[in-house]
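The structure under discussion appears below in the form of structure tokens.
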Amino acid sequence: MKISVILCTYNRAGMLGRVLEQLAAQKMPANWSWDVLVVDNNSKDHTAEVVRAFVARAPGHFGYAHVARQGKSWALNAAVALVDADVLAFTDDDVDIPTDWLSELARPFEDAACMGVGGRIVPLFAEGQPGWLRGTLPREFRGPLVQFDLGDETLPLTLAPFGANMAFRREIFARHGAFRTDLGPNGAGPGVGEDTELVLRLLAAGEPLVYAPRALVRHPVTADRLHRRYVVRWWYQQGRARTLTEGVASDIAQVLGVPRYLLRELGAAAMQATLTMDDQTRVAALSRLAESYGQIVAAFRMGRDARR
């Protein structure tokens, strides 16, 4: 079988070379062929030169494509249309990738029933953790800091993994469609959600997906992600994306198109954020508040548009 790694990038030439070196060092079983397609989403730096150096060095393993339309989902969908592999793997341009990552990500596909795989993602705190972040990461911090860790055992997936470490059989895109272009970085909508939305669509359709704990990547936690405002802003965008993808049920109590339960959740989170004396608890509560507010904003706008 053949597996193609799709890596979309934008203005990260400085770190891209390191990731491509790690991909070049992957060790795959003899029954798998593999390659990497780097999709340059209209970068203004020397990304093209970095990638073309790898194409020249290993033309059978590296390819380059340029997608001028800005937005990660557009770049992802262009790549899906370009590659001809049995399995499509996805990762990012800023992760740390061990040499066995791709083989471990491919391993579950030896079972013909497996349609997709989510790998483990561990945050890499190069500069240490801030004082307000300690111990095991609670749910409110796993998304913004890019942690997907369900333990050491291979499991059926019931949660959506992140786009930095996932793979699917080609046929699922024919059956269920591509990445939504109104979601994702630089799209018209929220800056998160195109990877999550795709996987939730697959899970809702009953596609068998697997968590592969040994398919590990480490995701650096940059300085900007260690600010409280980044975490809170991420959850606001996540709330908007959730409403855009799930919609608003018509059979629940609403006020101007906004579900009443969201107003209650907003109030409860605001109360906890105001009363707690613990920094980590406060940031977690502010994150829940921001998520509810994002859902409310999106629901109100959807209801307003429907009333016009």
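Averaging sequence separations of C-alpha pairs under 8 Å and six or more residues apart, then dividing by the length of segment 131-206, give the relative contact order as a whole percent.
24 percent
Label-point separation (nm) for residue 64 and residue 28, each offset 7 Å from Cα along Cα-to-Cβ?
Placing both labels 7 Å along Cα→Cβ, they lie 2.1 nm apart.
With labels modelled as points extended 7 Å from the Cα through the Cβ direction, what inter-label distance (nm, one decimal) is found for residue 152 paired with residue 233?
Between residue 152 and residue 233, the simple spin-label model gives 3.9 nm.
Within 10 Å, count the other beta carbons around each residue, average over each peptide in 62-70, 147-155, and list them highest first.
Top of the packing list down: 62-70, 147-155.
Please tell me the relative contact order of the chain in percent, rounded to the nearest whole number, where contacts are Cα pairs under 8 Å and at least six residues apart.
18 percent
Angle check, please: helix 260-275 long axis (alpha carbons) against the longest principal axis of the chain (alpha carbons), in degrees 0 to 90, nearest 10.
Helix 260-275 sits roughly 90 degrees off the main axis of the chain.
Starting at the first residue of segment 47-53, write each ³J(HN,Hα) from the Karplus equation 6.51 cos²θ - 1.76 cosθ + 1.60 with θ = phi - 60°, in whole Hz, x for Gly and Pro.
Once θ is set to phi - 60°, the couplings for segment 47-53 become 3, 4, 5, 4, 5, 5, 5 Hz.
Please compute one quarter of the surface area of the Cα convex hull for segment 227-307 and express it in square nanometres.
Dividing the Cα hull surface by four gives the mean projection, 5.2 nm².
Please list the non-local residues whose amide H lies under 5 Å from the amide H of residue 34, H modeled 1.01 Å from N, same-chain partners needing a gap of 5 or more.
3
Amide H to amide H under 5 Å from residue 166: which residues, 5+ apart in sequence or cross-chain, H placed 1.01 Å off N in plane?
90, 119
Rounded to the nearest 0.05, what FRET efficiency is calculated for residue 56 and residue 2 with R0 set to 25 Å and r the Cβ-Cβ distance?
0.70
To the nearest 20 debye, what charge dipole does segment 94-165 have about its Cα centre, counting +1 at the Cβ of each Lys and Arg and -1 at the Cβ of each Asp and Glu? Intermediate values should be presented prior to the final figure.
Working: 5 positive and 11 negative charges, 63 e Å.
Rounded to the nearest 20 debye, it is 300 debye.
When we measure straight from the Cα of residue 27, which lysines land under 27 angstrom away, once same-chain ones fewer than 8 places off are left out?
Result set, ordered by chain and number: 2.
What nm value, rounded to one decimal, do you get for the distance between residue 261 and residue 21 when each label is placed 7 Å out toward the C-beta?
In this crude spin-label approximation the distance works out to 5.0 nm.
HN-Hα J couplings of segment 163-178 from phi, Karplus 6.51/-1.76/1.60, θ = phi - 60°, integer Hz, Gly and Pro as x?
Rounded to whole hertz, the list is x, 6, 7, 7, 8, 9, 5, 4, 5, 5, 6, 5, 7, 10, x, 9.
From the phi angles alone, apply the Karplus equation (6.51, -1.76, 1.60; θ = phi - 60°) to segment 83-89 and give each ³J(HN,Hα) in whole Hz, x where the residue is Gly or Pro.
Per residue, the Karplus-derived 3J(HN,Hα) values read 7, 10, 6, 5, 10, 10, 9 Hz.
Quick one: helix 13-24 against the long Cα principal axis of the chain, what's the angle to the nearest 10°, folded into 0 to 90?
Helix 13-24 and the main axis of the chain meet at about 60 degrees.
For the chain, what size does the Cα cloud have along each of its three principal axes, sorted from largest down, in whole Å?
Reported extents, whole Å, longest axis first: 58, 45, 42.
Only the coordinates and a few stated rules stand behind these numbers; no lab work does. Fair warning: this is a prediction, and the values are worked out from it, not measured in the lab. When we count neighbours, we look across all protein chains shown, and the Cβ atoms used for this are built from the backbone with ideal geometry, even at glycine.
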